[in-house]
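For reference, the structure discussed in these notes is given below.
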Amino acid sequence: MNKALRKVVIAGNWKMNKTPAEAKELIAAIAPLVKDADCEVVACTPFVDLTSAQEAAAGTNIQIGAENCHWEVSGAYTGEISAQMLTSMGVNIVIIGHSERRQYFGETDVTVQKRVRAALDAGLTVILCVGETLEQREQGITSELVAMQTKIALGGVTEEELKRIIIAYEPVWAIGTGKTATAEQANEVCHTIRECIASVYSQAAADGITIQYGGSMNAGNAAELLAQPDVDGGLIGGASLKPNDFATIVKAATEG
Ligand code: PEP
């Protein structure tokens, strides 16, 4: 399948940045810069910013997403937010399994799978993050590791549901470090993930799924990364907080 037929998605991951008032300002600054985008544009914000970001994004082509959700609908899970809580406020996309959740908050492949299940059941689209640490890359186990993360996270997900999954390949060593994977490295692993989808589902599913690269993507390196045949967009951390840089990445995606 021609890459041009896949959905290209540029998503910002704001992490733990911006107050609600600042979120409104940031969306207002980004909106005019990306209004002609030929790809999907998403900003995933902290939970407390969702409403103000949605207000600022109303009438624009920016979708507002969340950065995580819990697997239960409700209950004694202090500090967590359910998928239903997100959909009740009009959110329809959520990041699951970000490496910072895995690294700092004990997220495992199994809890990622549970969160993916809950998000899909609630009707959300999921940006599922997978990726290897530097140690794992140096051990030569990147392909196996990323395929395993993908398979476990998607356990029980049907081919129909897969249409609401976007996979973000994010090498842990490249996130927030300024070290970007080379375009070849990014493409190679995105291709491996696509082959994994073909083996578990079908070639059609593999051809249709959007696979992003994430890890220090910025205004300077985006064009080369996004031009790769298996890279269908980006998950952007630091640069998503800078309107001009984020807009440059969105433009590069359109041209990639
Ligand atoms: C991320 O948080 O998903 C990410 C890719 O961060 P950064 O772009 O800052 O490396």
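Tabulated values for the structure
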{"read-out": "Qualifying residue in the stretch 241-256 (condition: in contact with a strand residue (DSSP E or B) (Cβ under 6 Å, 6 or more places away or on another chain) and at pLDDT below 95)", "value": "yes"}
{"read-out": "Selection within the stretch 1-25 - at pLDDT 95 or above, open to solvent by 10 Å² or more (accessible area, probe 1.4 Å) and out of contact with any strand residue (DSSP E or B) (no Cβ under 6 Å at 6 or more places or on another chain)", "value": "15, 16, 17, 18, 19, 20, 21, 22, 24, 25"}
{"read-out": "Residue list for the stretch 112-141, filter: out of contact with any helix residue (DSSP H, G or I) (no Cβ under 6 Å at 6 or more places or on another chain) and either more than 19 Å from residue 235 (Cβ to Cβ) or more than 14 Å from the ligand (Cβ to nearest atom) (or both)", "value": "114, 115, 117, 121, 135, 137, 138, 139, 140, 141"}
{"read-out": "Residue identified as within 14 Å of residue 209 (Cβ to Cβ) and within 16 Å of the ligand (Cβ to nearest atom) among 175, 166", "value": "166"}
{"read-out": "Which numbered condition residue 206 misses (of (1) surrounded by fewer than 19 Cβ atoms within 10 Å (Cβ to Cβ); (2) more than 16 Å from the ligand (Cβ to nearest atom); (3) more than 16 Å from the chain's Cα centre (by Cα))", "value": "(1)"}
{"read-out": "Condition met for residue 87 (away from the ligand (no atom under 16 Å from the Cβ) and touching a residue at least 40 places away in the same chain (Cβ under 8 Å))", "value": "no"}
{"read-out": "Residues within the stretch 227-256 that are more than 12 Å from the ligand (Cβ to nearest atom) and free of Cβ contacts under 8 Å to residues at least 40 places away in the same chain, tallied", "value": "3"}
{"read-out": "Flag if residue 31 is away from the ligand (no atom under 16 Å from the Cβ), buried (at least 24 other Cβ atoms within 10 Å of the Cβ), assigned to a helix (DSSP H, G or I) and in contact (Cβ under 8 Å) with a residue 24 or more places away in the chain", "value": "no"}
{"read-out": "Residue 49 vs. criteria in contact with a helix residue (DSSP H, G or I) (Cβ under 7 Å, 6 or more places away or on another chain), acidic (Asp, Glu) and closer than 23 Å to residue 252 by Cα", "value": "no"}
{"read-out": "Filter pass, residue 157 being open to solvent by 30 Å² or more (accessible area, probe 1.4 Å) and more than 16 Å from residue 230 (Cα to Cα)", "value": "no"}
{"read-out": "Condition broken by residue 217, with the remaining ones in (1) closer than 23 Å to residue 139 by Cβ; (2) open to solvent by less than 30 Å² (accessible area, probe 1.4 Å); (3) without any contact (Cβ under 8 Å) to a residue 60 or more places away in the chain; (4) within 9 Å of the ligand (Cβ to nearest atom) satisfied", "value": "(1)"}
{"read-out": "Single residue of 177, 182 found to be open to solvent by 40 Å² or more (accessible area, probe 1.4 Å), in contact (Cβ under 8 Å) with a residue 24 or more places away in the chain and not charged (D, E, K, R)", "value": "177"}
{"read-out": "Selection within the stretch 57-111 - surrounded by 22 or more Cβ atoms within 10 Å (Cβ to Cβ) and farther than 20 Å from residue 236 by Cα", "value": "83, 86"}
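The values are calculated or read from the model by the stated rules, or taken from the named source; none is laboratory data. Remember, it's a predicted structure, so these values are computed and weren't measured experimentally. Virtual Cβ from ideal backbone geometry, glycine too; neighbours counted across all protein chains shown. Keep in mind that these areas ignore ligands, DNA and RNA; they rest on the heavy atoms of the full protein, side chains included. Shrake-Rupley method; radii C 1.70, N 1.55, O 1.52, S 1.80 Å.
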